[in-house]
Amino acid sequence: MAAGTETGADHIVEMEGITKKYGEVVALQDVTFNLRRNEVLALAGDNGAGKSTLIKCLAGAIHPDSGTIRVDGETVRIDNPRQAKDLGIETTFQDLAVAGNLTVTQNIFLGREEVNGYDSLLGVLNKKRMRKRAQELLDDLEIRVDVDEKVSNLSGGERQLVSISRTLLSDPKIVIMDEPTSALSVEGADRVLDLIDRMQNQGISIILISHNLDYIRRAADRIQILHQGQSAGILDGEQFDQDEIVKRMVGGMPEEEQSERAADA
Ligand SMILES: Nc1ncnc2c1ncn2[C@@H]1O[C@H](COP(=O)(O)OP(=O)(O)O)[C@@H](O)[C@H]1O
Ligand SMILES: [Mg+2]
C-alpha cells in the first residue's frame, strides 16, 4: 500500500515532524512515525539512531523540541509518564526494571496506588487482593512463575516476563518495549516473543525495539528503520529481507524513495 492511501483512522498513534536535539546532537530530525491498530511494529536502527529518544517522546519521559503526537486521532501533549499512562500507553525500558529483593506480586504492583498502607490492616487486605490480581494476570498470559517468589530467584527471561506483565495491569492500549530481549538467552527471548503474540491477540498495539532481525521477523508486522535520527523507511512483513534492512540501517533511506517523497510533497 502506498503511504498516501492510509488514513489517520488506521493509526492508533501518529507522530509527525518529531525533532529532538541534545545541545549540538540531533537525536531526531523531522521523524514521522505511525502505529497501526493492533499491529506489532518493530523499530530498528544502529546504536544512536534515535530509537529510544523517539519512544521516550511517546512515553512522556522527554518532550520533543517540535512535532505533533496524536493518539486515537486526538492531538495530545505528553509531558510526563503519568499522562502517557492515562492515554493507555505503557512502556518497558531497556534496563530490566525489576527489584530483585521483592516478590513477583510486589514487583507487579510497585509504585501503584494499591501499595499504600502495605503494613496496615487495610494493607493486609490489599496484599491479598494484589496477590490474587497478580496471579490472574500471569495466568491470563500463561506465565508460570510463583507470585510469592523473590524476583532475584528468577531467570533473566522470567524477570523480563514479570517486567512486561507489569505494564498490562492497567489494561493498556499501547505497549512499548525497548530491547526486551537484549539481555536474554534464546529460550528467554522465545518466551518473550510468545508473550508479545498473546498481547497482540488481546488487542494491544505494540512497538518493539530490537536489534535482533530474527526476532523482528518473527514478531513484527512492519518495521520502521531509523538512521542517524531520520526515518530510513518502513517495510512490510513480506519485505523483511535481512540485506534490505541492514542496508537501510547503515545507509539510511534509499535515494529513489527520498525523491518519491519529495515529489509527493
Ligand atoms: N540524555 C541525552 N543527552 C545527550 N545526548 C543524548 C541523550 N540521549 C540520547 N542522546 C543522543 O541522541 C542520539 C540518539 O540516542 P538514542 O535515542 O538513545 O539511540 P538508540 O536508542 O537508537 O540507540 C545519540 O547520539 C545519543 O548519544
Ligand atoms: Mg536505545
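The values are calculated or read from the model by the stated rules, or taken from the named source; none is laboratory data. Predicted model, so just to flag it, every value in this text is computed and none were measured. So basically every Cβ, Gly included, is an ideal-geometry build from the backbone, and we count neighbours across all protein chains shown. For accessibility, only protein heavy atoms count, side chains too; no ligands or nucleic acids. Shrake-Rupley method; radii C 1.70, N 1.55, O 1.52, S 1.80 Å.
Tabulated data for the structure shown
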read-out: Residue list for the range 180-207, restricted to those being within 13 Å of ligand 1 (Cβ to nearest atom) and modelled with pLDDT of 90 or more; value: Ile207
read-out: Single residue of Val76, Val40 found to be under 15 Å from the mean Cα position of the chain (by Cα) and at pLDDT 95 or above; value: Val40
read-out: Selection within the range 20-34 - out of contact with any Pro (no Cβ under 6 Å at 6 or more places or on another chain) and either more than 11 Å from ligand 1 (Cβ to nearest atom) or part of a strand (DSSP E or B) (or both); value: Lys21, Tyr22, Val25, Val26, Ala27, Leu28, Gln29, Asp30, Val31, Thr32, Phe33, Asn34
read-out: Given (1) of a type in the set (Ser, Thr, Tyr); (2) in a helix (DSSP H, G or I); (3) out of contact with any Ser or Thr (no Cβ under 8 Å at 6 or more places or on another chain), number of the condition Ser170 does not satisfy; value: (2)
read-out: Hey, Val151 in contact (Cβ under 8 Å) with a residue 12 or more places away in the chain, among the aliphatic types (A, V, I, L, M) and open to solvent by 10 Å² or more (accessible area, probe 1.4 Å) or not; value: no
read-out: Every pair of residues 6+ apart whose Cβ atoms lie under 7 Å, when the first sits in the range 43-56 and is within 10 Å of Ile209 (Cβ to Cβ) while the second is within 8 Å of ligand 2 (Cβ to nearest atom); value: Leu43/Lys51; Leu43/Ile209; Gly45/Lys51; Lys51/Ile209; Ser52/Gln94; Ser52/Asp178; Ile55/Asp178; Ile55/Ile209
read-out: Members of the range 42-80 found to be touching an Asp or Glu at 6+ places or on another chain (Cβ under 7 Å) and within 16 Å of ligand 2 (Cβ to nearest atom), listed by number; value: Ser52, Ile55
read-out: Filter pass, Leu28 being of a type in the set (A, V, I, L, M, F, W, C), modelled with pLDDT of 95 or more, within 14 Å of ligand 2 (Cβ to nearest atom) and over 14 Å from the mean Cα position of the chain (by Cα); value: yes
read-out: Residues of the range 128-148 classified as under 12 Å from Gln106 (Cα atoms) and open to solvent by less than 10 Å² (accessible area, probe 1.4 Å), total; value: 3
read-out: Residues (open to solvent by 20 Å² or more (accessible area, probe 1.4 Å), outside any loop (DSSP other than H, G, I, E, B) and without any contact (Cβ under 8 Å) to a residue 40 or more places away in the chain) located in the range 81-114; value: Pro81, Arg82, Gln83, Asp86, Gln106, Glu113, Glu114
read-out: Index of the failed condition, Ile55 passing every other in (1) over 24 Å from Gln160 (Cα atoms); (2) within 9 Å of ligand 1 (Cβ to nearest atom); value: (1)
read-out: Within the range 153-179, tally of residues that are within 12 Å of the chain's Cα centre (by Cα), more than 16 Å from ligand 1 (Cβ to nearest atom) and of a type in the set (D, E, K, R); value: 1
